[in-house]
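Below is one structure; the comments refer to it alone.
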Amino acid sequence: MSVLVNGSPSKSFKMERGLRQGDPLSSLLFVLVVDVLHRMLGEAVRNGRIDPLLVGRDHIELSHLQFSNDTILFCPPEIETIVNYNRLLQCFELMSGLSINFDKLNLISMNCEKEWVDHVCGLLGCKQAVLPARCLEISLEANPRLVKTWKLIIDKVEEKLNLWKPKVLNKAEEIYVV
């Protein structure tokens, strides 16, 4: 393997070890690699390989959203776009070495015939899901302006902070001023 430095390949070296789960660099490297997926999706939209979903009065193009290690793909009900999404995901797997868990892939359709949905689920090897679905513990149809939408996440963060605070913060009686 070699690395490009200012556009020129470095001296080749042998790969001996990979990152293990929990390694401090693994999260950063995952974000960098998944950014490649984001760019691939954007390029596919620009090249007309993937038709984005047009949202709202202004017809804002929406092809995907990424949160942590979850990606939501949006598309109109067109077989060609769905097949191209599938091809792009398989290409990303080959290029990155990451495995996409197609067993966790869910198709949420809106105003589509059951036969069409069954056909697409067969093409993608996925399950059909219905709204309200959850992504990162938030309902996909929830109103983000309401505090109750975020209550579960706020509670989890507070719970983690309560476990963390005693380990990091000193008690006042242990602080000495000289």
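Quick look at the numbers
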| quantity | calculated |
| --- | --- |
| Under 5 Å, built H, 5+ apart or other chain: amide partners of residue 107 | 127, 128, 129 |
| Anisotropy class of region 22-105 from Cα gyration tensor, a/c 1.5 cut | prolate |
| Magnitude of the charge dipole, region 13-95, Cβ model with Lys/Arg +1 and Asp/Glu -1, debye to 20 | 280 debye |
| Residue-wise HN-Hα coupling along region 61-74, computed from phi with Karplus coefficients 6.51, -1.76, 1.60 (Hz; x: Gly, Pro) | 7, 10, 10, 6, 9, 10, 9, 6, 10, 10, 10, 10, 9, 10 |
| Which listed pairs, of 127/160; 114/151; 14/127; 104/148, have C-alpha distances above 31 Å, in listed order | 127/160; 114/151; 14/127 |
| Segments 51-63, 147-159, 69-81 sorted - mean Cβ within 10 Å per residue, highest first | 69-81, 51-63, 147-159 |
| Calculated from backbone phi, Karplus (6.51, -1.76, 1.60) coupling profile of region 85-99 in Hz, x at Gly/Pro | 4, 4, 4, 5, 5, 5, 5, 4, 4, 5, 6, 8, x, 7, 10 |
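Bear in mind that the values in this text are calculations on the coordinates, not laboratory data. Computed from a prediction, not measured in an experiment: that's the story for all the values here. As a convention, Cβ positions derive from the backbone with ideal geometry for all residues, glycine included, and neighbour counts pool all protein chains shown.
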